[in-house]
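Computed from the coordinates by the stated procedures, all read-outs in this text should not be read as laboratory data. Since we're looking at a predicted model, the values are computed, not measured. Please note: Cβ atoms are built from the backbone with ideal geometry, for glycine as well, and neighbour counts cover all protein chains shown.
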Amino acid sequence: MITQKFYDLEFKICIIGCGGVGKTSFCKRFKTNEFDSKYIPTIGAEIYHIYFTTKYGIVKFNLWDTAGQEKFGAIRDGYYINANAFIILFDTTSRITYSNVPRWYRDAMRNCPNIPVILCGNKTDIINSYKIRKKDVKFEQQNVQYYEISVKNEFNLNKPFLEILKKLTKIKDICFLSSSSNLKIEPSVVEITEILNDFYEDEDIVNHLQHETADPLPINHNGNIQWQNEINSDNSNKKKTEQEQEQEQEQEQESEKETIYI
């Protein structure tokens with residue numbers, strides 16, 4: 001049976017890190033939007049398919065949830081084949097999981113060099129047991145982006161995938177509109193550059209923007225905001241009315257001429 005492809009891009013993402021850092025919970029949160037605090041070690045690897053909608057189309061991520069236990073190290077490398085990116089997870093309440101990050105990074109680069117790597121510190125919701133704070137994260141690889149996340153509280157969960165998508169597609173303004181699991185999507189952040197800053201500090205532009213924002217919203221006769229297509233329709237009707245009036249005036253003038261002639 002052939003099924004129709006309903007996505008535009010597809011990427012394989014390997015989720016790696018020590019056992020117990022929350023890799024499976026991270027994947028399941030996207031798949032079913034559920035959170036289970038009970039730890040069950042992953043044997044081998046499990047694959048989860050998640051989808052994000054962007055203005056450019058639908059993106060499919062195949063998440064490979066790999067076993068973090070040392071005894072599975074011999075077979076783990078096989079799961080990295082053809083990966084497009086890695087997400088390394090560690091537990092912000094466990095220093096040893098953070099100290100093992102360089103080892104996970106070396107394993108990833110040994111199998112798939114020169115692909116995006118995102119580092120995530122999970123369990124930031126456990127405030128009283130914080131061991132590794134954002135200021136403490138010092139990773140020597142400058143191209144690795146770091147995010148603090150909380151699978152339990154759904155904090156920053158989509159940002160690692162958005163960063164990966166930007167690096168793989170080279171589209172800087174791409175953003176997620178929705179996800180297959182209905183996880184909350186954080187609004188995109190606009191970076192104010194020097195050019196934008198100079199633009200908004202220009203006196204003429206500021207006056208123009210103030211004038212534009214001071215204009216009242218277009219309201220129809222029912223007291224509701226008019227959408228652009230409604231405004232265009234009203235303008236079209238106004239033009240028709242004006243044309244009809246002109247035609248009536250021309251007809252009256254022609255009638256007067258005929259009366260005088262008779």
* How far apart, in nm, are two points set 7 Å out from the Cα along the Cα-to-Cβ line at residue 110 and at residue 135? -> 3.6 nm
* Chain lengthening between residue 7 and residue 174 when straightened (0.36 nm per residue, less Cα-Cα) -> 58.5 nm
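Subtract the Cα-Cα distance of residue 144 and residue 53 from 0.36 nm times their separation in residues, and report this length gain in nm to one decimal. Don't jump to the answer; show the numbers that get you there.
On the way: separation 91, 0.36 × 91 = 32.76 nm, distance 2.47 nm.
That pair, residue 144 and residue 53, stretches by 30.3 nm at full extension.
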* To do: For a quick protection proxy, order the peptides 106-114, 46-54 by their average other-Cβ count within 10 Å, most packed first.
  => 46-54, 106-114
* Asked: Between residue 245 and residue 99, what is the spin-label point distance in nm, taking each point 7 Å from the Cα along the Cα→C-beta axis?
  -> 8.5 nm
* Structure fact -> The size of the Cβ-based charge dipole (Lys, Arg +1; Asp, Glu -1) of region 9-179 about the Cα centre, to the nearest 20 debye, is 300 debye
